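A.B. asks: I have a structure I would like to understand better, so I am pasting it below and will then ask my questions one at a time.
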Amino acid sequence: MGTTADIRNGMVMIHAGNPWLVVEFQHVKPGKGNAFVRTRLKNLKTGRVQDVTFRSGERIEEIRVERRKMQFLYRSGDDLYMMDLESYEQMPVSIDIIGDASRYIRESDEVYVACSGDEILQVEPSMFVELEVSETDPGFRGDTATGGTKSATLETGLVVQVPLFIEQGNVLKIDTRDGRYVERVSRGR
């Protein structure tokens with residue numbers, strides 16, 4: 001157990017029965033009244049971000065979290081099987097825990113997994129991933145990089161807005177923080 005004085009960015013704590021990641025925090029000492037800590041927390045089970053205010057000195061429960069590098073092996077039903085790259089142990093991870101990150105990983109991709117003991121709390125794909133376009137409307141002569149955009153479905157099922165010159169089979173670099181197209185990596189694999 002700790003207090004609000006121990007809160008820092010990147011810390012994981014239990015709040016309302018769930019593990020939460022501290023995204024940002026601010027200690028506030030108003031001219032009148034008691035000090036408090038204003039935080040922005042991300043629920044590691046649902047991915048929801050919430051602003052929470054704690055009274056100064058309030059007790060909090062910090063969780064020791066370990067980040068492990070794992071490899072995504074295959075999907076079976078609602079579980080994705082991951083292999084620990086150090087022990088080669090395979091473990092199923094529910095799609096509910098992975099959430100939106102499942103749209104950015106392919107079989108054999110390496111990801112970071114946040115664990116508390118044997119419980120997996122969160123799966124983090126690389127900041128940038130390269131995915132192939134599986135379906136998009138054809139580009140037409142005269143389409144330029146500075147023109148409009150169109151939808152493209154990638155090999156994992158993710159749909160992103162891309163420039164008009166992107167074609168089926170192109171490999172694209174995607175930013176996993178916001179699902180945004182960054183650049184075309186190659187014309188095809």
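The values are calculated or read from the model by the stated rules, or taken from the named source; none is laboratory data. Fair warning: this is a prediction, and the values are worked out from it, not measured in the lab. As a convention, Cβ positions derive from the backbone with ideal geometry for all residues, glycine included, and neighbour counts pool all protein chains shown.
A.B. asks: When the residues of the range 163-189 are narrowed to those that are at pLDDT below 90 and among the hydrophobic types (A, V, I, L, M, F, W, C), which ends up surrounded by the most Cβ atoms within 10 Å (Cβ to Cβ)?
C.D. replies: Of everything passing the filter in the range 163-189, Ile166 is surrounded by the most Cβ atoms within 10 Å (Cβ to Cβ).
A.B. asks: Please give the number of the condition Glu132 fails out of (1) in a strand (DSSP E or B); (2) at pLDDT 90 or above; (3) not assigned by TED's automatic domain parsing to the domain that holds Asn170.
C.D. replies: Glu132 satisfies all of (1) in a strand (DSSP E or B); (2) at pLDDT 90 or above; (3) not assigned by TED's automatic domain parsing to the domain that holds Asn170 except (3).
A.B. asks: Pull up the range 147-156, narrow it to residues that are in a loop (DSSP other than H, G, I, E, B) and more than 16 Å from the chain's Cα centre (by Cα), then point me to the one that is surrounded by the fewest Cβ atoms within 10 Å (Cβ to Cβ).
C.D. replies: Within the range 147-156, the subset in a loop (DSSP other than H, G, I, E, B) is 147-148, 155-156.
Then drop every residue that is not more than 16 Å from the chain's Cα centre (by Cα), which leaves 147-148, 155.
Values: Gly147: 12, Gly148: 9, Glu155: 13.
Within the range 147-156, the match that is surrounded by the fewest Cβ atoms within 10 Å (Cβ to Cβ) is Gly148.
A.B. asks: Residue check: is Ser134 surrounded by 13 or more Cβ atoms within 10 Å (Cβ to Cβ), over 19 Å from the mean Cα position of the chain (by Cα), of a type in the set (Ser, Thr, Tyr) and within 28 Å of Ser186 (Cβ to Cβ)? Spell out the reasoning first.
C.D. replies: Numbers: surrounded by 13 or more Cβ atoms within 10 Å (Cβ to Cβ): yes; over 19 Å from the mean Cα position of the chain (by Cα): yes; of a type in the set (Ser, Thr, Tyr): yes; within 28 Å of Ser186 (Cβ to Cβ): yes.
Considered against the rule, which asks whether it is surrounded by 13 or more Cβ atoms within 10 Å (Cβ to Cβ), over 19 Å from the mean Cα position of the chain (by Cα), of a type in the set (Ser, Thr, Tyr) and within 28 Å of Ser186 (Cβ to Cβ), Ser134 comes out as yes.
A.B. asks: For the range 83-95, does any single residue satisfy the condition of being modelled with pLDDT under 90, within 30 Å of Asp6 (Cα to Cα), β-branched (Val, Ile, Thr) and surrounded by 15 or more Cβ atoms within 10 Å (Cβ to Cβ)?
C.D. replies: Scanning the range 83-95, I find no residue that is modelled with pLDDT under 90, within 30 Å of Asp6 (Cα to Cα), β-branched (Val, Ile, Thr) and surrounded by 15 or more Cβ atoms within 10 Å (Cβ to Cβ), so the answer is no.
A.B. asks: Would a scan of the range 43-54 turn up a residue that is touching a residue at least 60 places away in the same chain (Cβ under 8 Å) and outside the structural domain of Val111 (by TED's automatic domain parsing)?
C.D. replies: Of the range 43-54, the ones touching a residue at least 60 places away in the same chain (Cβ under 8 Å) are 44-45.
Filter once more, so that each one left must be outside the structural domain of Val111 (by TED's automatic domain parsing): 44-45.
Scanning the range 43-54, I find at least one residue that is touching a residue at least 60 places away in the same chain (Cβ under 8 Å) and outside the structural domain of Val111 (by TED's automatic domain parsing), so the answer is yes.
A.B. asks: Quick one: is Val93 in a strand (DSSP E or B) and closer than 30 Å to Asn9 by Cα?
C.D. replies: Details: in a strand (DSSP E or B): yes; closer than 30 Å to Asn9 by Cα: yes.
In short, yes.
A.B. asks: Failed condition for Tyr104, given (1) out of contact with any strand residue (DSSP E or B) (no Cβ under 9 Å at 6 or more places or on another chain); (2) in contact (Cβ under 8 Å) with a residue 60 or more places away in the chain; (3) of a type in the set (Ser, Thr, Tyr), with all others met?
C.D. replies: (1)
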